[in-house]
1. Rank-order 58-67, 32-41 by packing density, defined as the average count of other C-beta atoms within 10 Å over each peptide's residues, highest first.
2. From the helices alone, meaning DSSP H stretches of at least four residues, give me the mean residue ellipticity at 222 nm for the chain, per-run term -39500 (n - 2.57), in deg cm²/dmol to the nearest 500.
3. So for each of 119-130, 76-87 I average, over its residues, the number of other beta carbons within 10 Å; can you give me the resulting order with the highest mean first?
4. Taking 0.36 nm per intervening residue step and subtracting the Cα-Cα distance, what contour gain separates Arg103 from Ala126 on full extension?
5. Mind sorting out which of (1) 17.4, 62; (2) 16.3, 53; (3) 14.4, 44 is the real Rg and Dmax of the Cα atoms in Å computed from the coordinates?
6. Where Lys and Arg each count +1 and Asp and Glu each count -1, what net charge lies around Asn49 among other residues with Cβ under 15 Å from its Cβ?
7. Note down the relative contact order for segment 17-136 as a percent, whole number, built from C-alpha pairs under 8 angstrom at least six residues apart.
8. Taking +1 at the Cβ of each Lys and Arg and -1 at the Cβ of each Asp and Glu, which of Ala62, Ala116, Asn74 sits farthest along the dipole of the chain towards its positive end, judged by Cα position relative to the Cα centre?
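Derivation of every value follows stated rules applied to the coordinates shown; laboratory data play no part. Keep in mind it's a predicted model, so treat the numbers as computed, not measured. Positions of Cβ are backbone-derived with ideal geometry, glycine not excepted, and every protein chain shown enters the neighbour counts.
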Amino acid sequence: MDSILPALQLGLPHLIGQFAATLGLLGLGIAAYMTLTPFHERRLIRDGNVAAGVVLAGTLVALAIPLAATLAVNVLLLDIVVWGLVALVIQLATFLAASALIRNLRDMIEAGNVAAALVLVGLELAVALLNAGAMAG
């Protein structure tokens, strides 16, 4: 017990700082995502659009995966923030690429097309896993 308390006193402030910074990055990422998307997630979800809910939930996970990798492999807060921003840019670029590749994505999501939502989320998650692996590499 004597060694645990000093370790907590030293480590806990770092953990809280890193976790808070990463949560801030996640918030920034989802805000940027909602700005980039051509549909209005909050309204669609409030109206019961399952496809929009699937896309937003999947995007949150896809943004969090590479951010988690930055936490796992970096010690310095600055490294976590810099690599976290790189991860977010890659994930946001993935959405832009998917939007260009999947014709009428906006219309399909707004119409509640869950199949289209799942394809988008699958692509986002696949890139997130690769992104995280490259960052942890």
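1. 58-67, 32-41
2. Rounded to the nearest 500, it is -29500 deg cm²/dmol.
3. 119-130, 76-87
4. The Arg103-Ala126 span can extend by a further 6.3 nm.
5. Comparing each candidate, only (1) matches the computed number.
6. In short, 0.
7. Contact order relative to length: 40 percent.
8. The one lying farthest along the dipole's positive direction is Ala116.
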